[in-house]
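Below is one structure. I have some questions about it.
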Amino acid sequence: MSPHPDAPPTTPEDALALVRRRYAEPRLPDGTAVPLAVREFDIGYLVHPVFPRTARTDAAGNPLPAPPGGAQIIVSKATGESVTVPHLPAESVIARYRERHG
């Protein structure tokens, strides 16, 4: 673990701890905490919620998509700075982050 709470993270666990200190924990409508996962990449860590698959279906029995919205967080390996990014596919938000910060 990093020696100082806001020091740049050196492991995925450090990045997760930093995010938990800085941001509210996502919750389901029933109040249950949503687990967080970390994806490490060359210049940072992408921290994202892992929502359960929905069991909701339309009248024809087709699964309904998850509600829109939400965010993910990227933590810089170099500085420990964190930024929120849209809840889009990981490859997309990582590519955008690299363009701006890489």
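Every read-out reported here was derived from the displayed coordinates using simple, explicitly stated rules and does not represent laboratory data. This is a predicted model, so every value here is computed, not measured. In this analysis, Cβ positions are derived from the backbone assuming ideal geometry, glycine residues included, and neighbour counts consider all displayed protein chains.
Hey, what angle do you get for helix 90-101 against the long axis of the chain, alpha-carbon based, 0 to 90 degrees rounded to 10?
30
A follow-up question, please. Helix 12-22 against the longest principal axis of the chain: what's the angle in degrees, Cα atoms only, rounded to the nearest 10?
The answer is roughly 80 degrees.
Between LEU28 and ASP42, what is the spin-label point distance in nm, taking each point 7 Å from the Cα along the Cα→C-beta axis?
In this crude label model, LEU28 to ASP42 measures out at 3.8 nm.
Further, regarding this structure: Find, among the GluC sites (Glu not before Pro) in the range 25-102, those assigned to loop by DSSP (not H, G, I, E, B) with at most 16 other beta-carbon atoms within 10 angstrom.
GLU81
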